[in-house]
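For reference, the structure is listed below as structure tokens.
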Amino acid sequence: MKREMKFRAKAINDDFFKGEWVYGYYTKELWSGNLLDVITDGANDIPIQIETLGQFTGLCDKDGKEIYEGDILLMGEDDGCMIYNEVGIKDGCFGYIGEVNGELIPFCHFNVKEEIAGNIYDNSNLI
């Protein structure tokens, strides 16, 4: 399976992007003598908050939304409680970060039936 190598991250607050999520290719660039982490979207090189950088998994949720590392998926409901899992990566494999021991549980199917409920940066209260 080939997947597009792209990333997302929050832009560093500036006058143009104001901390918004940006999508594209990740690189480092020398700006005014400083090495910065940036996302390039083909038209702009946007300095990013590196701690928010997440890679595209190559998969989409049940609504066709691209799933990125750091997303939170709504897995279902158990006794009236919603079940959420964080998307992570380990050794080049994407999956859910397990609730009990923090181990990565690889995605075992290519048609994800869950939906994205948010991400760990904007919706940490879900985890």
Inset, instruction - Compute the semi-axes of the equivalent ellipsoid of the chain, taking the square root of 5 times each eigenvalue of the Cα gyration tensor, and list them largest first in whole Å. - result: 29, 16, 13
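Are there GluC sites (Glu not before Pro) in region 1-62 that DSSP marks as loop and that have at most 10 other Cβ atoms within 10 Å, and which are they? Please list the in-between numbers first.
Working: sites: GLU4, GLU20, GLU29, GLU51; in loops: GLU4, GLU20.
Passing sites in region 1-62 are GLU4, GLU20.
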Legend entry - Relative packing of 39-48, 67-76, which averages over residues the other C-beta atoms within 10 Å, highest first: 67-76, 39-48
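What trypsin sites (Lys or Arg not before Pro) does region 1-74 have in DSSP loop regions with at most 14 other beta carbons within 10 Å?
On the way: sites: LYS2, ARG3, LYS6, ARG8, LYS10, LYS18, LYS28, LYS62, LYS65; in loops: LYS2, ARG3, LYS6, LYS18, LYS62, LYS65.
When the trypsin sites (Lys or Arg not before Pro) of region 1-74 are filtered for loop state and at most 14 Cβ neighbours within 10 Å, LYS2, ARG3, LYS18, LYS62, LYS65 remain.
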Inset, instruction - Keeping every protein chain in place, order CYS81, CYS60 by accessible area at 1.4 Å, biggest value first, i.e. largest first. - result: CYS81, CYS60
Inset, instruction - Express the relative contact order of region 55-97 as a whole percentage, based on alpha carbon pairs under 8 Å and six or more residues apart in sequence. - result: 27 percent
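Report the extension gain between LEU126 and ASP41 in nm, rounded to one decimal, defined as 0.36 nm multiplied by the number of residues separating them, less their alpha carbon distance.
Details: separation 85, 0.36 × 85 = 30.60 nm, distance 2.95 nm.
Taking 0.36 nm per residue and subtracting the Cα distance, the gain is 27.6 nm.
Output the relative contact order of the chain, whole-number percent, from Cα pairs under 8 angstrom with separation of 6+ residues. Please report the intermediate quantities before stating the final value.
Numbers: 255 pairs, mean separation 24.3, N = 127.
That works out to 19 percent.
The values are calculated or read from the model by the stated rules, or taken from the named source; none is laboratory data. Please read all numbers here as calculations on a predicted model, not as lab measurements. Every residue, glycine as well, gets a Cβ built from its backbone with ideal geometry; the counts of neighbours run over all protein chains shown. Surface areas here come from the heavy atoms of the whole protein model, side chains and all, with no ligands, DNA or RNA. Shrake-Rupley method; radii C 1.70, N 1.55, O 1.52, S 1.80 Å.
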